[in-house]
Amino acid sequence: MLHISKLGASIALATSLLATAAGAQTVLRSSDTHPDGYPTVEAVKYFGQLVEERTQGRYKVEVYFGAQLGQEADTIEQVRSGVIDLNRVSMAPWNSLVPLTKIPSLPYLFTSPDHARKVMAGEIGDEVAAGFPEHGVVVIAFYDGGARSFYNSKKPINGLADLAGQKYRVIQSDVFVDMVAALGATATPMPYGEVYSAIETGVIDGAENNFPSYESAKHFEVAKHYALDEHTIVPEVFVMSKVAWDKLTPEDQAIFKAAGKESMEKQWELWDARVAASRKIVEDAGSLITTPEKQPFIDAMKPVYEKYVNTPELKDFVARIQAVK
Ligand code: GTR
């Protein structure tokens, strides 16, 4: 495995040197809020490797991880206007721009990570992706965003009642704000990069995320009570600016799409391993994981569904998602 990836890297380097010698290499900048080594960062690097090999080095992808290019809301604007070429973000911050993204962001919609993968890799995913180009980007791939759960610095959450009155940071999306309100807590939308210090200083009681984010952003250091309520699985989105996309030949567009699909499969593999590894790290560090009964959480989501699934078309869309097995 190691040999193959080393060989791949050497081929990529050789092809890139050739293209550079010919003066024909386009470097594409890609943003990610997560640190180096995180599954989304590695999947985009893999995508870049495939693209570089298959275009004989005419295209090269540079991944700026760790929010070097900004927080998600800012990088979304940058990729829409073509300041950056590629971006890997969550689907939730797209909710206000691309209305259909609200549906896969709904709590307790996906029944398992596999369900979410199947839905987003199929025709439902294509329908959601179709809403992006008019906002300046093309979806290259959907990745697994993992199951998100609440964590806080104050007390264990053993049931819905324990959330009452607590203040949680959420992604900048109305779906998230309404979800937290329906659970009896207060939501504070805030960029990801500000969460650690906001918990540390007591501005908020906690946040909600999957194990890899809770671990890699070090939130477990300041919020040790993690409640495995798994309220939502929000897909990740890897997009390309239409400014850059429209410059590609149809053949190169096909290469990018195929590489995107392969990077998705790679991300799934990396994701599963990272969830287990991150969980172990936080448990070893003293995080206390509780498993509240989910049904009261699910029942509490009724008003959220009433608000967002409010037309016959959207009801049908949700039913189609639920029917995917
Ligand atoms: C992570 C996700 C990021 C970002 C972050 C957040 O799970 O991968 O794209 O959305 O959550 O909570 O802001």
So, in segment 22-47, of the ones that are aliphatic (A, V, I, L, M) and not in a strand (DSSP E or B), which residue ends up farthest from the ligand (Cβ to nearest atom)? A22
Surrounded by 14 or more Cβ atoms within 10 Å (Cβ to Cβ) and under 20 Å from H225 (Cβ atoms), is that true of I281? yes
Of all residues making up segment 59-93, the number that are surrounded by 19 or more Cβ atoms within 10 Å (Cβ to Cβ), away from the ligand (no atom under 16 Å from the Cβ) and not in a helix (DSSP H, G or I): 4
Quick check: is even one residue across segment 140-158 surrounded by 19 or more Cβ atoms within 10 Å (Cβ to Cβ), farther than 21 Å from F211 by Cα and not hydroxyl-bearing (S, T, Y)? yes
Taking segment 194-247 and keeping only residues that are β-branched (V, I, T), away from the ligand (no atom under 12 Å from the Cβ), part of a helix (DSSP H, G or I) and closer than 23 Å to E283 by Cα, one is left with I199
Checking V138 against (1) touching a residue at least 60 places away in the same chain (Cβ under 8 Å); (2) assigned to a loop (DSSP other than H, G, I, E, B), the condition it does not meet: (2)
Looking at the structure I just gave you, is E134 surrounded by fewer than 18 Cβ atoms within 10 Å (Cβ to Cβ), at pLDDT 95 or above and in the same structural domain as M240 (by TED's automatic domain parsing)? yes
Could you grab me the full set of residues in segment 269-293 that are part of a helix (DSSP H, G or I) and either in contact with a Lys or Arg (Cβ under 6 Å, 6 or more places away or on another chain) or aliphatic (A, V, I, L, M) (or both)? L270, A273, V275, A276, A277, I281, V282
Just one of Y168, Y151, Y214, Y143 is without any contact (Cβ under 8 Å) to a residue 60 or more places away in the chain and under 20 Å from the mean Cα position of the chain (by Cα); which is it? Y168
Checking the conditions here, which among I84, I124, I103 is of a type in the set (A, V, I, L, M), in contact (Cβ under 8 Å) with a residue 40 or more places away in the chain and in contact with a Lys or Arg (Cβ under 6 Å, 6 or more places away or on another chain)? I84
From A259, A244, grab the single residue that is assigned by TED's automatic domain parsing to the domain that holds E72, surrounded by fewer than 21 Cβ atoms within 10 Å (Cβ to Cβ) and over 17 Å from the mean Cα position of the chain (by Cα). A244
Only residues that are touching a residue at least 12 places away in the same chain (Cβ under 8 Å) and closer than 24 Å to K102 by Cβ: list them for segment 269-301, please. W271, K294, P296, F297, I298, A300, M301
Filtered residues of segment 181-193 (kept if closer than 25 Å to Q295 by Cα and within 13 Å of the ligand (Cβ to nearest atom)): A187, T188
How many of the residues in segment 19-60 are of a type outside the set (D, E), modelled with pLDDT of 55 or more and farther than 20 Å from D272 by Cα? 21
Residue check: is D174 without any contact (Cβ under 8 Å) to a residue 12 or more places away in the chain and surrounded by fewer than 21 Cβ atoms within 10 Å (Cβ to Cβ)? no
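The values are calculated or read from the model by the stated rules, or taken from the named source; none is laboratory data. Being a predicted model, the structure only gives us computed values, none of them experimental. Note that each Cβ is placed from the backbone with ideal geometry, even for glycine, and that neighbours are counted across all protein chains shown.
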